[in-house]
Amino acid sequence: QNSNFKENEVLSVTLSVQYLFQLDDDEEEEEEEEEEQEDKFDISISVKDPEKIGTNDMNAFQTPLPMFRNKTFTVRRRFSDFLGLYEKLSEKHGPNGFIVPPPPEKSILGMTKVKVGKEDSSSADFVERRRAALERYLQRIVHHPSLLQDPDVREFLEREELPRAVGTQALSGAGFLKMINKATDAVSKMTIKMNESDVWFEEKLQEVESADQQFRKLHVLVESLVVHRKELSLNTASFAKSTAMLGSAEDNTALSRALSQLAEVEDKMEQLHQDQATNDTFNFAELIADYIRLLGSVRGSFDHRMKAWQRWQDAQAALQKKRETEAKLLWANKPDKLQLVKEEIAEWEVKVTQYERDFDRVTATVRKEVVRFDKEKARNFKREIINYLECLLQSQQQLIKYWEAFLPEAKAIA
Amino acid sequence: LKLANMRSVSVDLNHDASLLIDIPDALCERDKVKFTVHTKTTLSSFQKPDFSVPRQHEDFIWLHDTLVETEDYAGLIIPPVPPKPDFESPREKMHKLGEGEATMTKEEYTKMKQELEAEYLAVFKKTVQVHEVFLQRLSSHPILSKDRNFQIFLEYDQDLTVRRKNAKEMFGGFFKNMVKSADEVLISGIKEVDDFFEQEKTFLLDYYSKIKDSTAKAEKMTRSHKNIADDYIHISATLNTLSADDSTYRHCGGYYMSSFVFLQKVEGRVASDQELKLTELLRYYMRDIQAAKDLLYRRARALVDYENSNKALDKARLKSRDIPQAEEHQKQCLQKFDKLSESGKKELTSFKGRRVVAFRKNLIEMAELEIKHAKVSSPIQPRDFYTLIHVYNM
């Protein structure tokens, strides 16, 4: 039954979505209608052919992970389950300096949703975006060597029925967004002025903050590109119709035919533009959104390190105070109080040592995590952009075919 | 902005070597465009065989209006007046760009500026083309090419402004107002005896509304292409900044930026070619059809006059008074109407041919350009974008 999951086995996760339209009885209703209906996701998990992945020098976790070798299994999860998983993981591992991948929220960065005039493509779009984002979220988790070992993750992947996470009602939709924003805000607004002894951290934080800025800018631009692409598609369709009408009104037979053919070409172009808008969205815009969320988590890990530092400093300050009190009490000759203070001093000394060790540990973790993040980011980003551009180029090839088919019709006009 | 040695895309045939006109050159100062109108002729009616004059847009309007207001030409399709050069759109964008300069990187700003300059140039190109075509339509018309004012326009080496003012006082633009208030109801309402004109009327009215619609839709398409091209500029600039700041992106930064620069160039060219070949074509023929409709209107008016003269003659016969005048008037109206009908038929028939030829030429050219652009960007791996930019002459 229990087979060990070797570190070099690759766990792959794919996500399909079943959209349920009935409300669960005890589900608290949020303001926006999208969150009334919880998506249910079927997660297929399979262990792929063992691949050698890069070894890391993390401490090997002793708990064997029971995985069914060479089998696929499926579980069903609600959207709030994903959020619940994130909450658990970030509570547990965040303070230790781990970069916990965040799931998608309801409204990404408060972007206005692109509303297209066509029937249901907007909601189909939304569902697919969410599914793909959740899939990437899980992929990131299972590819993180430490997170994969977490029992909550295993339970999420394996368990037949997940108990409804307590308090996650508040996490769905706007509530979740508020929580995320509050957490990041609270941490960013910390006026911790840290004496940074390590230049590496100072530089990295700068990089992260600047990257965050640029990615947000990029996201706005790519969303604008999507809008314009969809507009182009609509305008092309409407032009196609108009050209067809013109063709039917034309009394020269050959020209009339050529105009109808032109209308057909433009119709095909409309489809190309639609597909391109999809490419823009899924292979570009969504990925930028992912990076923005991830960078938020990276920021978070830096902030947790600062918190650890602050705790250490506070302990040192408290110890200092106690020593001053001790000195005063020595003068004042109050043996009972003195004894108390001496005990407190001992306690604080332990704490100071503990917190210093914690800070060092968190620092080391953050460093490792950031290096790992950078590597992944460099590899993925390039691949993703190339993928996006290749789709664009395919479009162009298709374009040639359409126009080449039209050219003889134009030449046939007499 | 100076435009030298421009080859225009004519929608008309300019085969008659006895009178060749082109606008090889134009100068743009602020809002005023000065066209250099160049004439080469073997006709003895001109003083020189090869000469050029500077002309403004208002001079073209004057010429057009005098032609419209000439009775003798009532049975002809007067080529549509070229629209006023309109630099409003790029100028406004340039203004906005200046305001937003602080929010962009230097490169972004430079590229946007380049794009706007290209847009200026495109507007410029279009306006030269459309003014040139107007003159070429006249020079290739058997009757209009002999017009005295046309000759003055081509030859008179002084400023035409004084002449223009005089002309306005003479005509007062009253006939123009009449034409402008052309009631389509009048055209569609008359009882048509001639099958040819009946068909033409139906056809032109229908075609006009459809081509007007197509023109508007084509304009919207072109605008979308331009928007996308602009988006690519901003995206490439942002990717560039990203790669400059961040060590992990640095090694592929130039590559991303050049990819999007390339895409933007292609998109921009597609937009402008579509504009010139398709939108301009539709726009021009929309105006030309309006000119044809004006001809129908004038003929309809002549028919109404004739019918009224018949009624007047009947009345005169009834009253046994002023019969000879009424008969004479009726005869004249009939003559006028017949002349208009005969001339109109010829004009409308050659108009058909002209339209078909122009559509053929422009549709072929547009298809060829679209293929060229798509081919340039197509069989290539994204990694080759960098070299491609140099090949594509950016």
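Some observations on this one:
- Stokes-Einstein translational diffusion, segment B:24-76 - Kirkwood Rh over all Cα pairs, 0.692 mPa s, 37 °C, in µm²/s: 248
- Prolate/oblate/rounded label for segment B:47-91 (Cα gyration tensor, a/c 1.5): oblate
- Put in line by how crowded their Cβ is, counting other Cβ atoms within 10 Å and starting with the fewest, A:S238, B:S214, B:S44 read B:S44, A:S238, B:S214.
- Anisotropy class of segment A:274-414 from Cα gyration tensor, a/c 1.5 cut: prolate
- Taken one residue at a time, the phi angles of segment B:128-140 give Karplus couplings (6.51, -1.76, 1.60, θ = phi - 60°) of 4, 4, 6, 6, 5, 4, 4, 5, 5, 4, 5, 5, 8 Hz. Gly and Pro are set to x.
- Three-way shape call for segment A:195-346 based on the alpha-carbon gyration tensor, with the a/c threshold at 1.5: prolate
- For B:V37, distant residues with modelled amide H under 5 Å away: B:V53, B:R55
- Measuring between alpha carbons in the structure, the pairs from B:K96/B:K212; B:K84/B:K111; B:K34/B:K93 lying more than 25 angstrom apart are B:K96/B:K212; B:K84/B:K111.
- Within-12-Å neighbourhood charge of B:V270 [Cβ basis; K, R +1; D, E -1]: +1
- Taking other residues whose beta carbon is less than 15 angstrom from the beta carbon of B:V193, and scoring Lys, Arg as +1 and Asp, Glu as -1, yields -4.
- Estimated translational D of segment B:283-364 in µm²/s (Stokes, Kirkwood radius over Cα pairs; 10 °C; 1.306 mPa s): 107
- Annotation: the residues A:L138, A:L393, A:L221, sorted from fewest to most other C-beta atoms within 10 Å of their own C-beta, follow the order A:L393, A:L221, A:L138.
- Beyond 30 Å in Cα-Cα separation lie the following of the pairs A:K401/B:K201; B:K220/B:K265; B:K293/B:K315: A:K401/B:K201; B:K293/B:K315.
- Note on B:K311, A:K268: ascending count of other Cβ atoms within 10 Å places them as B:K311, A:K268, the fewest first.
Each value in this text was obtained by applying a stated rule to the coordinates, not by laboratory testing. Only a predicted model underlies this, so the values are computations on that prediction, with no experimental measurement involved. Cβ sites come from the backbone with ideal geometry, for glycine too, and all protein chains shown count toward neighbours.
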